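Notes follow once the structure below has been shown.
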Amino acid sequence: MGNNHADSSIDMMQLLALLVVAALSSPASSFVVAGSQPSIVTTLGATVSTEEDLLKPSYEIEPISIRIGHGFDIHRMAPIGEAGQPVVIGGVEITHKDQKWTDAEGKYVEKGGTYETQLGVVAHSDGDVVYHSIVDAIFGALTLPDIGQVFQDTDPRWKGCDSSKFMEHAYEVMSGYGYQIGNCDVTLILERPKVASFKPAMKENIIKLLQTSPGRVNIKARTHERVDSVGELRSLSCHVVLTLERVTS
């Protein structure tokens, strides 16, 4: 009786060991590419949502006449050599003279000192805070996930990506649900460089990408009164509030 019990225990342990080895030798997930959209199929047969799945929720996006969305984005600014890319806002490269950037970590001058340099934006994509905020506002108005879930900063496809691609996709999603831009109000917040002369070009880009008219898009810019990272030229941010109108035939 005792020996039989011991034998069955050994058999059970061997079975468990075999199961563990099999599990460890199998990949946790594999990637299956269908067209340009990747799907992740786990060993259990479950499919992890792609960005397209995220933009097609199981619930109804009700066809109400007006929807309101808010978007926000913030990115670090750093010397251009460190950032690796220029400051791009609203699809416009912001050319500028050397700026007085606060070196909070003491990389270039004494910690907390001022370092005069050309600035760039630190980001996975091109770091366009205006475009990112607009996309976020459109998704929000439609009760969809935020831009960071849809275009993840760990996805190599979006490395250095021109954010107009995100805008084009957001427009397609908005149109697909039967909406158009009602109006779009942009508030850009940065201490320097100054952007007043670039605002008309930014507006034209937004109008074109959202296929709307000048009377529906506004861009405001303000400083941060030298407060916090924005005021120290170490970051820039943007808020967008917009409305979507239901398209009626």
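The values are calculated or read from the model by the stated rules, or taken from the named source; none is laboratory data. The structure presented is a predicted model; accordingly, all values stated were derived computationally and were not measured. Cβ atoms come from the backbone with ideal geometry, glycine included; neighbour counts cover every protein chain shown.
Do any strands (runs of 3 or more DSSP E) lying entirely in region 90-138 carry at least 1 residues that are touching a strand residue (DSSP E or B) at 6+ places or on another chain (Cβ under 7 Å) and without any contact (Cβ under 8 Å) to a residue 24 or more places away in the chain, and which ones are they?
Because the criterion is at least 1 residues that are touching a strand residue (DSSP E or B) at 6+ places or on another chain (Cβ under 7 Å) and without any contact (Cβ under 8 Å) to a residue 24 or more places away in the chain, the strands (runs of 3 or more DSSP E) in region 90-138 that meet it are 99-103, 113-117.
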*asked:* With the structure loaded, tell me whether G112 is of a type in the set (G, A, S) and surrounded by fewer than 20 Cβ atoms within 10 Å (Cβ to Cβ) or whether it fails that test.
replied: yes
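Quick check on T154: is it touching a strand residue (DSSP E or B) at 6+ places or on another chain (Cβ under 9 Å), at pLDDT below 95 and surrounded by fewer than 17 Cβ atoms within 10 Å (Cβ to Cβ)?
Here the answer is no, as T154 does not meet what is asked.
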*Somewhere in region 164-174, is a residue of a type in the set (K, R) and modelled with pLDDT under 90?*
yes
*Before we move on, is I181 modelled with pLDDT under 95 and in the same structural domain as I74 (by TED's automatic domain parsing)?*
no
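Do we find a residue being touching a residue at least 40 places away in the same chain (Cβ under 8 Å), crowded, with 19+ Cβ neighbours inside 10 Å and touching a Phe, Trp or Tyr at 6+ places or on another chain (Cβ under 7 Å) anywhere in region 212-230?
Within region 212-230, not a single residue is touching a residue at least 40 places away in the same chain (Cβ under 8 Å), crowded, with 19+ Cβ neighbours inside 10 Å and touching a Phe, Trp or Tyr at 6+ places or on another chain (Cβ under 7 Å).
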*Among the residues of region 100-121, how many are of a type outside the set (G, A, S) and either within 16 Å of E191 (Cβ to Cβ) or not assigned by TED's automatic domain parsing to the domain that holds V217 (or both)?*
11
*Does region 189-198 hold any residues that are touching a residue at least 40 places away in the same chain (Cβ under 8 Å) and either part of a helix (DSSP H, G or I) or not assigned by TED's automatic domain parsing to the domain that holds E168 (or both), and which are they?*
F198
*Can we say A196 is surrounded by 17 or more Cβ atoms within 10 Å (Cβ to Cβ) and at negative phi?*
no
_Hits in region 205-240 (condition: in contact with a Cys (Cβ under 8 Å, 6 or more places away or on another chain) and not in a loop (DSSP other than H, G, I, E, B))_ = I206, L210, R216, V217, N218, V240
_Residues of region 183-193 that turn out to be surrounded by 18 or more Cβ atoms within 10 Å (Cβ to Cβ) and closer than 22 Å to G215 by Cβ, as a count_ = 3
_Test of understanding: among E204, E225, which residue is modelled with pLDDT of 95 or more and assigned by TED's automatic domain parsing to the domain that holds V92?_
E204
